[in-house]
1. Please go through segment A:36-56 and pick out each residue that is part of a loop (DSSP other than H, G, I, E, B) and surrounded by fewer than 18 Cβ atoms within 10 Å (Cβ to Cβ).
2. Tell me, which strands (runs of 3 or more DSSP E) lie completely within segment B:24-117 with 1 or more residues that are facing chain A (nearest Cβ under 8 Å) and of a type in the set (S, T, Y)?
3. Considering only residues that are farther than 19 Å from B:Q104 by Cα and touching a strand residue (DSSP E or B) at 6+ places or on another chain (Cβ under 7 Å), which ones fall in segment A:55-70?
4. Would you please list the contacts, defined by Cβ atoms under 6 Å and residues six or more apart or on different chains, that run from a residue in segment B:58-83 that is within 21 Å of B:T24 (Cα to Cα) to a residue that is at pLDDT 95 or above and of a type in the set (K, R)?
5. In this structure, is A:R12 under 14 Å from A:L110 (Cβ atoms) and within 14 Å of chain B (Cβ to nearest Cβ)?
6. Look at B:A2 and say whether it is hydrophobic (A, V, I, L, M, F, W, C), over 24 Å from A:R37 (Cβ atoms) and outside any strand (DSSP E or B).
7. Within segment B:11-69, how many residues turn out to be over 29 Å from A:T108 (Cα atoms), surrounded by 19 or more Cβ atoms within 10 Å (Cβ to Cβ) and of a type in the set (D, E, K, R)?
Amino acid sequence: EDQVTQSPEALRLQEGESSSLNCSYTVSGLRGLFWYRQDPGKGPEFLFTLYSAGEEKEKERLKATLTKKESFLHITAPKPEDSATYLCAVQARGVETSGSRLTFGEGTQLTVNP
Amino acid sequence: NAGVTQTPKFRILKIGQSMTLQCTQDMNHNYMYWYRQDPGMGLKLIYYSVGAGITDKGEVPNGYNVSRSTTEDFPLRLELAAPSQTSVYFCASSLTGGPNYSNQPQHFGDGTRLSIL
């Protein structure tokens, strides 16, 4: 069974204070690892897809990295508008009829104070 | 570009009532999904569809039904609502398929907040 564990559950930062969020996973053959951002009252918004160990992707103040067992979302010099819940999800290898199913972690709630 | 649209945004039901949560997408995506999200929990897959006329169960299908008569629409039916079905329901879609099986990201609607009292 595929499993995703995110830590910490909640993180409070001061504006400009860099940090990292962790996503540990077990999956029967990783096809892709996805990071989403979710604002209160909204649906998840896609950020990144990582496919293989060693891969990195960046978008503004966010950088996602991937190893064979975990992924990190690094936040550099965060701003209050980066406050949100960040969700990690994995997609296992399988036949096309499995519908690209995702297994989600419980998320990390990030608060950035001005 | 509307993306994934869910209606209603909020609903309160009494125990034993039935309702249909509507979901439509205008991106011509072949795959569609229904998730529920309980407070402090990750999203759990209820049902999914790989194309019109094809549906399959996800992780938590009990108490729900779906249909997929068109590419655009994927309604979720609750029969005999129970308090345990109080949750936020999200519909998503993705474009996937073909021999290379590229894993495109799922795009989500803004959810339906359902309370059953």
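The values are calculated or read from the model by the stated rules, or taken from the named source; none is laboratory data. Here the structure is a predicted model, which is why all the values come from computation and not from measurement. Here Cβ is always computed from backbone atoms with ideal geometry, including for glycine, and neighbour counts include all displayed protein chains. To get the accessible areas, we keep the full protein, side chains included, count just its heavy atoms, and leave off ligands, DNA and RNA. Shrake-Rupley method; radii C 1.70, N 1.55, O 1.52, S 1.80 Å.
1. Here is the first cut: in segment A:36-56, the residues part of a loop (DSSP other than H, G, I, E, B) are A:39-44, A:51-55.
Listed by number, the residues that qualify are A:D39, A:P40, A:G41, A:K42, A:Y51, A:S52, A:A53, A:G54, A:E55.
2. On the way: elements: B:31-37, B:43-51, B:54-57, B:64-66, B:76-78, B:87-94, B:112-116.
Output list reads B:31-37, B:43-51, B:87-94.
3. Narrowing segment A:55-70 to residues farther than 19 Å from B:Q104 by Cα: A:60-63, A:67-70.
If the condition is that a residue be farther than 19 Å from B:Q104 by Cα and touching a strand residue (DSSP E or B) at 6+ places or on another chain (Cβ under 7 Å), then A:R61, A:L62, A:K63, A:K69, A:E70 are the ones that fit.
4. B:N65/B:R77; B:F74/B:R68
5. Working: under 14 Å from A:L110 (Cβ atoms): yes; within 14 Å of chain B (Cβ to nearest Cβ): no.
No; evaluated as a whole, the condition is false for this residue.
6. Numbers: hydrophobic (A, V, I, L, M, F, W, C): yes; over 24 Å from A:R37 (Cβ atoms): no; outside any strand (DSSP E or B): yes.
Answer is no for this residue.
7. 1
Rundown of residues vs (1) part of a loop (DSSP other than H, G, I, E, B); (2) open to solvent by less than 10 Å² (accessible area, probe 1.4 Å); (3) within 12 Å of chain B (Cβ to nearest Cβ), yes/no style:
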site	(1), (2), (3)
A:C23	no, yes, yes
A:E58	no, no, no
A:S71	no, yes, no
A:E81	no, no, no
A:Y86	no, yes, yes
A:A89	no, yes, yes
A:E106	yes, no, yes
A:Q109	no, no, yes
